[in-house]
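Encoded as structure tokens, the structure appears first; notes follow it.
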Amino acid sequence: MWQTRPFKIEAKAGQTLAFCRCNRSKNGPYCDGSHAGSGISPYVVKFDQDKAISACGCQQSKNRPYCDGSHSKIIPA
Ligand code: FES
């Protein structure tokens, strides 16, 4: 787990972000290349417009790289 809440990200139009899928990144929620050799590739998202997103921080979301609220189920409020 990177943190107990989502990462709030202000993506910009034209920006491409690579989000970690392997859970090994030391720079979550972003890919830092730690997946090398695992056969796993990051979620690569290109934003067509400025967009505020909540990226999964707990690594449990079923809708990664986005938060689906799963952190609230595994971490008591
Ligand atoms: S470091 Fe996890 S997908 Fe790249």
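Quick note: the coordinates plus some simple rules give every number you see, no bench work behind them. Note that this is a predicted model, so its numbers are computed, not measured.
The table below gives the values:
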read-out	value
Fraction of the pair-distance distribution of the chain above 21 Å, Cα-Cα pairs, percent	26
Difference of contour (0.36 nm per residue) and Cα-Cα distance, LYS46 to GLN3	13.1 nm
The chain: relative contact order as a whole-number percent, Cα under 8 Å and 6+ apart	37
Residue of GLY37, GLY14, GLY28 that the Gaussian network model of the chain assigns the largest fluctuation, springs spanning Cα pairs under 10 Å	GLY37
Over the chain: helical MRE at 222 nm, DSSP H runs n ≥ 4 each giving -39500 (n - 2.57), nearest 500	-500 deg cm²/dmol
